[in-house]
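One structure is given below, encoded as structure tokens.
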Protein chains: 2
Amino acid sequence: MANPLTPDVMADPVALTRALVDIESVSLHEKEIADCVEEVLRAAPHLSVQRYGNTVMARTDLGRAQRVVLAGHLDTVPLNDNFPATLQGDLIYGCGTSDMKAGVAFALHLAVSVPEPRFDVTYFFYEAEEVDSRYNGLTLVANAHPDWLTADFAVLLEPTYGVVEAGCQGTMRAIVRTTGRRAHSARSWRGINAIHAAGEVLRRLQAYEPRTVSIDGCTYREGLNAVRVRGGVAGNVVPDLCEIEVNYRFAPDRSEAEALAHLRDVFGGFEIEVVDSSSGALPGLSAPPAREFLAAVGEAPVAKLGWTDVARFAALGIPALNFGPGDPNLAHAPDEHVEIGKIRDGAATLHRWLS
Amino acid sequence: MANPLTPDVMADPVALTRALVDIESVSLHEKEIADCVEEVLRAAPHLSVQRYGNTVMARTDLGRAQRVVLAGHLDTVPLNDNFPATLQGDLIYGCGTSDMKAGVAFALHLAVSVPEPRFDVTYFFYEAEEVDSRYNGLTLVANAHPDWLTADFAVLLEPTYGVVEAGCQGTMRAIVRTTGRRAHSARSWRGINAIHAAGEVLRRLQAYEPRTVSIDGCTYREGLNAVRVRGGVAGNVVPDLCEIEVNYRFAPDRSEAEALAHLRDVFGGFEIEVVDSSSGALPGLSAPPAREFLAAVGEAPVAKLGWTDVARFAALGIPALNFGPGDPNLAHAPDEHVEIGKIRDGAATLHRWLS
């Protein structure tokens, strides 16, 4: 098949968005799109290109004092009657338009059209962001080729609707357990009801006052929620176990260890087991390329509340933020779409910053 | 196959218990045992015998002023490496020994060996007590031949370890629901957490003080317990629904309607849906045959706390109680057994009462 990413398409971020959406790339099926992306990058003489799995990396090596990363994932969630792309007025509809092929189009367009950026740039087009993190292209590259990720600053092109969303909150899931003693429910006084005991856990959750934390002018709003509860043996048995799964979203001034210590404090007296944990990322707005990026955008940054791959960069010591044309509220929705105006504005902003 | 219920075996409740245990009769597979029982009953000239499915009914028609029922189910729970019966000292081990072939042996022995009881007697040997009530032989007969069940008093030969357990408590299961509004857990203030709201339901359960009710000298001890809880959508979603299944065991002075009214009162402000309900049975110790039965036993009755088929008789207006040689704590256990002494004592008691 001829590569649909022709020179004309590459020259226009809007046409490029649409062409990328029309290459189906549900997670773990990114070979075709990675092939197309690799081919157009290899055709640019100012870039050196590497590939690992279905992750493609291209970089300038101009000897600049600072190096920045522009990164976008190539995969999408499963199609949902929203393939291929359709144009309706000034909106492009389709799976992956907002999350995040419009952002990928920014990076791919800049990679081939800005041969002498003011910082050295490493472009990452990576696989498998929407699935279990063991498949994530950034994770795989960080393990296999950590030197590819050397940089002073990173921009992740996740949907932010054209504003800068800085850092991200951490997330921890834990099971809080209550125990009891089984008995026939016709003789319930012989047992101890573990579900009744869970009432105290829920009472603490309902009374909980989450923190609001301001860092570098960004306001992080925490949350602590029961996300699942399960307990019970049979309809005639006093249950001896109840499990409440809680999700703690914590501001990036707290480490994972501090987040766990806080949960142990909140649920003192109960057994806790952490089942999933990811650190947050500080907004990292003081690095010189970050300051210049904010100047190019011209609007104050806000806090990223969800967890994104900026935390992977933060874990490598690289300040990172989110900036993309898509609307985060449309990610994964069947009516996912992106505004053409947001694509043009965002691409112009990035051009200003890099040129 | 020759009928193992020979005259010698029929003459001895202990030998008869063992012979009945050795006819495999897991629920819904009672044909063979019902055939054997029917054959020996038809051989007794003082009995008229009917059969419906695998339920066998035999009755005297002597024109007595009062009619009593002796009833026992022929089925057992599934075998559990405890078939056929084994004799160990003065214990008979095996599936169904305690629940309730030792009780069935009482009734079958009396049916053929007491041709002129002081009350007219209806003997019921019925199928499918251990499974869903739509298969229960008593239910089927009550629908098809309600006249077979006419009586003034009934004794159910369920395991009570040789004491009289009077009436039974009712049982009601209901779902108590809390609702909320879904939101991403990273922006939890946009949602309303239904699991947190369930804390109040559990608080009421933990604070609940069950009644103790004395009726005819029997003490019924109620209980209200959460037996299951479930809620949650995904690890990153504020849940919009939580369901707490409660089981209310209520003394037989309350009807099902009164039990539900009580639950509505306890869980005021929450949605309740009844999923299962069975009325209790008053002890019914004032009927003349009941008083004579208690005199023959010579010990004070106690309350039956679990639910048994006495409630089916109570629903037909027939006072009923439980009396059997088995140990209720051994029912359904792999080491199920019955004491030979309890069989002999109980059979003697019933002989005294009927002769």
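Between copies, the label points at residue B:272 (set 7 angstrom from Cα along Cα-to-Cβ) are spaced 3.6 nm, reported in nanometres from shortest to longest. In this label model, residue A:335 and residue A:163 are separated by 2.2 nm, measuring between points 7 Å along each Cα→Cβ vector. Geometric descriptor of segment B:219-355, per residue, is 145 Å³ (volume of the convex hull of the Cα atoms).
The modelled label-to-label distance between residue A:234 and residue B:233, using points 7 Å beyond Cα along the C-beta direction, is 3.5 nm.
Counting only DSSP beta bridges with both residues in segment B:1-150, the antiparallel share comes to about 60 percent. For the peptide B:183-193, the mean number of other protein chain Cβ atoms found within 10 angstrom of a residue's Cβ is 6.
Translational diffusion of segment B:1-96, estimated by Stokes-Einstein from the Kirkwood radius over alpha carbon pairs at 20 °C in a medium of 1.002 mPa s, is 145 µm² per second. For the protein assembly as shown, carbon and sulfur atoms together expose 49% of the accessible surface, with a 1.4 angstrom probe and every protein chain in place.
Between segment B:247-271 and segment A:172-240, what is the C-alpha centre distance in whole Å? What the calculation gives is 25 Å, centre to centre.
Between residue B:26 and residue B:209, full extension at 0.36 nm per residue minus the direct alpha carbon distance yields a gain of 61.9 nm. Hull volume per residue, based on the alpha-carbon atoms of chain A and their convex hull, is 152 Å³. Across segment B:238-245, rounded Karplus estimates of 3J(HN,Hα) from the backbone phi angles (6.51 cos²θ - 1.76 cosθ + 1.60, θ = phi - 60°) give 5, x, 10, 8, 9, 10, 10, 8 Hz, Gly and Pro being marked x.
With label points defined 7 Å past Cα in the direction of Cβ, position residue B:348 shows copy-to-copy spacings of 10.7 nm, given to one decimal and shortest first. The calculated FRET efficiency for the pair residue B:131 and residue B:352, based on their C-beta separation and a Förster distance of 30 Å, comes to about 0.30.
Ignoring lysines fewer than eight residues from residue A:342 along the same chain, the ones with Cα atoms less than 16 angstrom from its Cα are A:101. What translational diffusion coefficient, in µm²/s and rounded to a whole number, does the Stokes-Einstein relation yield for segment B:52-159 at 10 °C and a viscosity of 1.306 mPa s, taking the hydrodynamic radius as the Kirkwood radius over Cα pairs? D, rounded to a whole number, is 107 µm²/s.
Each of B:285, B:135, A:62 was placed along the dipole of the protein assembly as shown (beta-carbon charges, centred on the mean Cα), and the one lying farthest toward the positive end is B:285.
Give, rounded to the nearest 20 debye, the magnitude of the charge dipole that segment B:178-328 has about its Cα centre when Lys and Arg contribute +1 at Cβ and Asp and Glu contribute -1 at Cβ. Show your work: numbers first, answer last.
Working: 16 positive and 18 negative charges, 150 e Å.
That gives segment B:178-328 a dipole magnitude of about 720 debye.
Within segment B:158-205, the proportion of Cα pairs with more than 12 Å between them is 75 percent.
State, in square angstrom and to the nearest 100, the accessible area buried between chains B and A, both chains counted, probe radius 1.4 Å. Buried area (both sides, nearest 100 Å²): 3300 Å². Distances, shortest first, from the label point of residue B:84 to those at the same position in the other copies read 7.8 nm; the point lies 7 Å along Cα to C-beta. The antiparallel fraction among DSSP beta bridges confined to segment A:162-304 stands at about 95%.
When Rg and the Kirkwood radius Rh are both evaluated on Cα atoms of segment B:44-104, their ratio Rg/Rh stands at 1.11.
Taking every residue in B:234-243 and counting other chain Cβ atoms within 10 Å of its Cβ, the average works out to 4. Here segment B:163-235 has an Rg and Dmax of 18.9, 62 Å, counting Cα atoms alone. In segment B:207-228, burial by the other protein chains removes 30 Å² or more of accessible area from B:221, B:225, B:226, B:227, B:228, compared with the chain on its own (1.4 Å probe, ligands and nucleic acids ignored). Computed from the C-beta positions of residue A:118 and residue B:189, the FRET efficiency with R₀ = 45 Å rounds to 0.65.
Only Lys, Arg, Asp and Glu carry charge here, each on its Cβ (+1 for the first two, -1 for the last two); on that basis the protein assembly as shown has a dipole of about 1620 debye about its Cα centre. Stokes-Einstein, applied to the Kirkwood radius of the protein assembly as shown over Cα pairs at a viscosity of 0.890 mPa s and 25 °C, places its translational diffusion at 80 µm² s⁻¹. Subtracting the Cα-Cα distance of residue A:43 and residue A:258 from 0.36 nm times their residue separation leaves 72.6 nm of extension gain.
In a reduced charge model with +1 at each Lys and Arg Cβ and -1 at each Asp and Glu Cβ, segment A:4-90 shows a dipole moment near 540 debye about its Cα centre. The distance separating the Cα centre of segment A:1-49 from that of segment B:104-139 comes to 82 Å. Accessible area per residue for the protein assembly as shown is 39 Å², calculated with a 1.4 Å probe on protein heavy atoms, without ligands, DNA or RNA. The label point for residue B:86 and the one for residue B:300, both projected 7 Å from the Cα toward the Cβ, are 4.1 nm apart.
The values are calculated or read from the model by the stated rules, or taken from the named source; none is laboratory data. What you see is a predicted model; the values in this text were computed from it and never measured. Every residue, glycine as well, gets a Cβ built from its backbone with ideal geometry; the counts of neighbours run over all protein chains shown. SASA here: full protein model, heavy atoms, side chains in, ligands and nucleic acids out. Shrake-Rupley method; radii C 1.70, N 1.55, O 1.52, S 1.80 Å.
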